[in-house]
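Here the structure is laid out as structure tokens; the discussion comes afterwards.
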Amino acid sequence: MKTIKITTDNKLTIIDVDFDDYRDIQKAVGCERFETVKTQRLFDFFGQPVMMLVDESGLIKGLKPNAVASYFYGFFEHGQVIVGDVIFAKPMGEDIVAPDDIKWMKEKLIRTYVHILEEEEEDE
């Protein structure tokens, strides 16, 4: 299933992730333990339920901040940034699945963050 990954160096890539395989999600996020981040800001931006999967121990590991993910988290309000690479997913009851329209999401992110995000070639 396709999803979007945003790295700490502001690279946006469409990648394949098997959301039914915990290890594949770990590999995509680059961590052993990930957590879900759902915010009103994500919902407002995409107009639908969307979450970020982030490295649960990123701060302890000293990972670099992720500017776009930190904005969606609301770092101004919370005083905390999101660190490490993130991928996007959709909550489906107790499950996590790929977002519905990856092309539209990518275009919206690139258009909104034109001076921040750099699009990378799609993973095969």
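What follows is calculated from the coordinates using simple rules that are stated; it is not laboratory data. What you see is a predicted model; the values in this text were computed from it and never measured. Here Cβ is always computed from backbone atoms with ideal geometry, including for glycine, and neighbour counts include all displayed protein chains.
Nearest 20 debye, what's the magnitude of the dipole of the chain about its Cα centre given +1 on Lys and Arg Cβ and -1 on Asp and Glu Cβ? The calculated dipole for the chain is roughly 500 debye. Averaging 1/r across all pairs of distinct Cα atoms in segment 53-124 and inverting the result yields a Kirkwood radius of 13.9 Å. Counting Lys and Arg as +1 and Asp and Glu as -1 over every other residue whose Cβ lies under 15 Å from the Cβ of VAL54, the net charge comes to +2. For the listed peptides 108-117, 11-20, a ranking on the average number of other beta carbons within 10 Å per residue, highest first, reads 11-20, 108-117. In the chain, the convex hull through the Cα atoms has an average projected area of 7.3 nm², a quarter of its surface area. Note: relative contact order over the chain, using C-alpha pairs below 8 Å and six or more positions apart, is 33 percent. Expressed as a fraction of 2.2 N^0.38 Å, the C-alpha radius of gyration for segment 43-88 is 1.14.
Peptides 53-66, 92-105 ordered by packing proxy, namely the average of other Cβ atoms within 10 Å per residue, highest first: 53-66, 92-105.
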